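Written out below as structure tokens is the structure these notes cover.
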Amino acid sequence: MVAQRVDFHPVEVLDATTKEQLCFLDKVDPHSTIGDIKSLFYKSYPQWYPARQALRLDTRGKSLRDDEILQNLPVGTTATMYFKDLGPQLGWTTVFFAEYIGALLTYLVFFFRVPYIYSHTYALISSPHPVVTLACVCHTFHYVKRLMETIFVHRFSHGTMPLRTIVKNCAYYWGFSAWLAYYINHPLYTPPCKSSMCEVGNLSIHMKSVRRFPTPTKNPFTWLFFFVSCPNYTYEVKFTLFIVSCLAVAIYTLFGFIQMTIWAKVKHRAYIREFKDYPRVRMAIIPLIL
């Protein structure tokens, strides 16, 4: 029995900034993935675990995906790749827990500890408006729901997030949560009394964890799928606007809407690329507009 001959493909890894050679892998199977090459590189540089690594074919090019195969890449006899350190990474589950638990607890501190936060003038006064309690219940439900979705529903296409990004994200979630809570729970707060079922709609959308593009069901909260690709974001914007009327809420909603629109457009374009029969009438986040 004759052993099958394997033609190895040398891989040279250079620093993306200095062009200095970091390592030379002379016996790489051409069927190896970028993930396999990252693992080989990790053996030479243990401080750069695979999640920290970005490998590119050009110093300013796009990072290669872990599932790309070496022999399918446009490289010469020796594959030259450029390495960039992405910095410390955290798993998405950890990221979401940090964001959501912080926002949840920050709000509750303002709701339950009014005498310790506001001036002594209002030490024994609490807001008489039922909508303040309703806002706390809805805010709590929203973030508890997000935590449950993180555990039981969401699937993550990318394994990690840079540590520096989680600091920015937590500052956003925790900071806005404190700002909203300060005004909404203030003893002198006098809002209009409005309510919304948008949280139920948001949850209904997240529960549709199918591999094909999502479609409406008998659940009326999913009927927004007739018009938009990401109705969960649409429900979230409506909820934050309608539950209370407050300048801080409006500003928070504006920033959130901008970010959610970016996410929605990315997902919308991905659906169009992946599914040839994707409904053309759908928009990303706002029916018939955006």
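Some observations on this one:
- Using the alpha carbons alone, the radius of gyration of the range 9-87 stands to its Kirkwood radius in an Rg to Rh ratio of 0.91.
- Gain in span if fully extended, F112 to Q259, counting 0.36 nm per residue against the direct Cα distance: 49.9 nm
- Counting every pair of alpha carbons in the range 88-191, the share spaced more than 20 Å apart comes to 46 percent.
- What a 1.4 Å probe finds exposed on the range 88-191 is 70% carbon and sulfur by accessible area, rounded to a whole percent.
- Debye, to nearest 20: dipole size of the range 16-149, +1 on Lys, Arg Cβ, -1 on Asp, Glu Cβ: 300
- Within the accessible surface of the range 9-87, defined with a 1.4 Å probe on protein heavy atoms only, the carbon and sulfur portion equals 48 percent.
- Inter-centroid distance (Cα atoms) of the range 247-280 relative to the range 134-180, Å: 17
- Each label was represented as a point 7 Å from its Cα along the Cα-to-Cβ direction; for I272 and H129 these points are 4.1 nm apart.
- Most positive-pole-ward Cα, V11, F24, A51, against dipole of the range 1-85 from beta carbon charges: A51
- Judged by the mean number of other Cβ atoms found within 10 Å, the most tightly packed of the peptides 162-172, 86-96 leads the ranking 86-96, 162-172.
The values are calculated or read from the model by the stated rules, or taken from the named source; none is laboratory data. Worth saying up front: this structure is predicted, and the values here are computed from it rather than measured. Because the Cβ atoms are built from the backbone with ideal geometry, glycine has one as well, and the counts that use them run over all protein chains shown. Please note that ligands, DNA and RNA were not included when accessible areas were found on the heavy atoms of the full protein model with its side chains. Shrake-Rupley method; radii C 1.70, N 1.55, O 1.52, S 1.80 Å.
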